[in-house]
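Notes to accompany the following structure.
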Amino acid sequence: MNLDFSQLGPYIPFLLQGIWITLKFVFVSILIGLILGTLLALCKITRHSILTWFANAYTSIFRGTPLILQLMIIFYAIPQLTGYDIPTFLAAILAFGLNSAAYVSEIIRAGIMAVDKGQVEAAEALGIPYRPMMLNIILPQAVKNILPALMNEFITLTKESAVVSTIGYLDLMRRAQIIGAQLYRNFEPLLVAGLIYWVMVVILTKLGSILERRLRASD
Amino acid sequence: MIKVEQITKVFGKNPVLKNISTTIHQGEVVAIIGPSGSGKSTFLRCLNLLEKPTEGKIYIKDREITDPKVNILEVRKHIGMVFQQFNLFPHMTVLENVTYAPQKVKKLAKGEVEKNAKDLLAKVGLSDKVDSYPSQLSGGQKQRVAIARALAMEPEIMLFDEPTSALDPEMVKEVLDVIKDLAETGMTMVIVTHEMNFAKEVADRVIFIDDGVILEDAEPHQFFNAPKSERAKDFLSKLL
Ligand SMILES: Nc1ncnc2c1ncn2[C@@H]1O[C@H](COP(=O)(O)OP(=O)(O)OP(=O)(O)O)[C@@H](O)[C@H]1O
Ligand SMILES: [Mg+2]
């Protein structure tokens, strides 16, 4: 086995640009997932059964099918149906954002449900209306359950983001593959890409544990 | 003050309260006693509509609160409740716990509310804990904050659901003393309790509930010395 990283040299800037490309789409996807996921979570805990039904169906579909299939449907099926040639970036953030929303909504719902139901009773007994009760009493406590799990979801999303290479989006993964094809050597670029993913995940994990410690300190 | 007319509460298929009627007058202190699972908490929670009676009517000051048109939040503003597990808001300081509802619900000015809250906390002996968080308090202190929190809404009725059952024995007295002081102010109170001596001493009336039915409704000395039903005799003999 002989590894040769020297030929990789000229391609390094091309590879490193992939970090930004990956982060950009991961960040936008997380944002979509967070906003949509919060809305879905609120649908799940209201007493409006239609909204609850919709949110549960949504979650079931997006968690029950492979992410790569969702990506393919958005990227290939939308043009076929509408004639609109969807750009890879848009397809990527849609697939990842919509998919992440399903997971985020479950995380938020579970976090809210985990708050002691005595808290709701105490608030109700004091005559506090639903909205201030949610905003000032339940959600601040739910956040402590939610944030660590959300951090995990973001980490998973960052890793899984490599799937977008399959629709030709020029992310870190795709770039590693392109370099591999040019050099007829796959191991070195993949190894470097792997290292970069790992560093990103380690940084996110670190941020997560700092956050968690902050939360626990405020108890 | 409170009139309960033939209320029934069914959970699923399980009837927990069966046709209960009673009247509680202004300024009366009523102790609710009975075996575990007999429906004491459910009865108490019907009074502020934390549970909705399946059937029957409840009147508070001649207004039917079980009428579906009634604004439940409005009713609850005038009824304070103290729970076995305290249920303080853990992310708020003691002062915030006590001031939150008057500010949010009654829309009173912050300064006024805080002054009132500090007076109440002084009355329950917690002036030095104003800025503490619930997690820094003992059980007895937590329960006294919970009482102050309920009183801050200036309720006309106070409901207590086993307020001392979650406390270490040495803290029971400090909480009972606060409740006793409150009874002396003429507050209308309904207290579910296992503290028989306390009931004897403080209550004007004892209601004994067994299996969802009021079996006895009497003055304390009568209930404790000469219970009429076999179930009550049995219950009291097991306590000794
Ligand atoms: N939300 C609920 N759903 C279904 N069943 C309930 C509910 N709340 C209470 N029950 C049932 O109703 C019965 C009476 O409960 P309740 O809490 O009123 O009893 P209790 O007299 O307060 O007992 P304890 O002394 O143990 O507190 C119990 O069998 C209980 O399991
Ligand atoms: Mg009970």
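For the stretch B:1-28, a residue qualifies if it is within 16 Å of ligand 2 (Cβ to nearest atom) and open to solvent by 30 Å² or more (accessible area, probe 1.4 Å), and the qualifying residues are B:PHE11, B:ASN14.
Residues considered: B:VAL70, B:VAL98. Of these, the only one that is modelled with pLDDT under 95, within 14 Å of chain A (Cβ to nearest Cβ) and touching a Leu at 6+ places or on another chain (Cβ under 9 Å) is B:VAL70. Being open to solvent by 60 Å² or more (accessible area, probe 1.4 Å) and either modelled with pLDDT under 95 or within 16 Å of ligand 1 (Cβ to nearest atom) (or both) is a condition met by no residue of the stretch B:145-167. I'm trying to understand the selection: among the residues of the stretch B:30-49, which are of a type in the set (S, T, N, Q), open to solvent by 10 Å² or more (accessible area, probe 1.4 Å) and over 13 Å from the mean Cα position of the chain (by Cα)? Result: B:SER36, single match. Only residues that are surrounded by fewer than 20 Cβ atoms within 10 Å (Cβ to Cβ) and away from ligand 2 (no atom under 16 Å from the Cβ) were counted in the stretch B:50-59, giving 6.
Return yes when A:MET151 is of a type outside the set (Phe, Trp, Tyr), in a helix (DSSP H, G or I) and within 14 Å of A:PHE25 (Cα to Cα) and no when it is not. For A:MET151, the condition - of a type outside the set (Phe, Trp, Tyr), in a helix (DSSP H, G or I) and within 14 Å of A:PHE25 (Cα to Cα) - is not met. Within the stretch A:69-86, being open to solvent by 60 Å² or more (accessible area, probe 1.4 Å) and either part of a loop (DSSP other than H, G, I, E, B) or touching a Phe, Trp or Tyr at 6+ places or on another chain (Cβ under 8 Å) (or both) holds for A:GLY83, A:TYR84, A:ASP85.
Do we have any residue at all in the stretch A:129-137 that's part of a loop (DSSP other than H, G, I, E, B), within 14 Å of chain B (Cβ to nearest Cβ) and modelled with pLDDT of 90 or more? The answer is yes; a qualifying residue exists. Within the stretch A:40-68, being part of a helix (DSSP H, G or I) and surrounded by fewer than 14 Cβ atoms within 10 Å (Cβ to Cβ) holds for A:SER49, A:ILE50, A:TRP53, A:ALA57, A:SER60, A:ILE61, A:ARG63, A:GLY64. Taking the listed residues A:PHE89, A:PHE96, the one that is among the aromatic types (Phe, Trp, Tyr), touching a Phe, Trp or Tyr at 6+ places or on another chain (Cβ under 9 Å) and open to solvent by 20 Å² or more (accessible area, probe 1.4 Å) is A:PHE89, with no other qualifying. Within the option set B:ASP161, B:ASP181, B:ASP234, B:ASP177, being within 28 Å of B:THR93 (Cβ to Cβ) and free of Cβ contacts under 8 Å to residues at least 40 places away in the same chain holds for one residue only, B:ASP177. Would you mind stating whether B:SER135 is open to solvent by 10 Å² or more (accessible area, probe 1.4 Å), farther than 17 Å from B:THR188 by Cβ and in contact with a helix residue (DSSP H, G or I) (Cβ under 8 Å, 6 or more places away or on another chain)? For B:SER135, the condition - open to solvent by 10 Å² or more (accessible area, probe 1.4 Å), farther than 17 Å from B:THR188 by Cβ and in contact with a helix residue (DSSP H, G or I) (Cβ under 8 Å, 6 or more places away or on another chain) - is not met.
The values are calculated or read from the model by the stated rules, or taken from the named source; none is laboratory data. Keep in mind that this is a model prediction, so the values were computed, not measured. Quick reminder, even Gly has a Cβ in these numbers, built from the backbone with ideal geometry, and neighbours come from all protein chains shown. Surface accessibility is based on the protein's heavy atoms, side chains included, excluding ligands, DNA and RNA. Shrake-Rupley method; radii C 1.70, N 1.55, O 1.52, S 1.80 Å.
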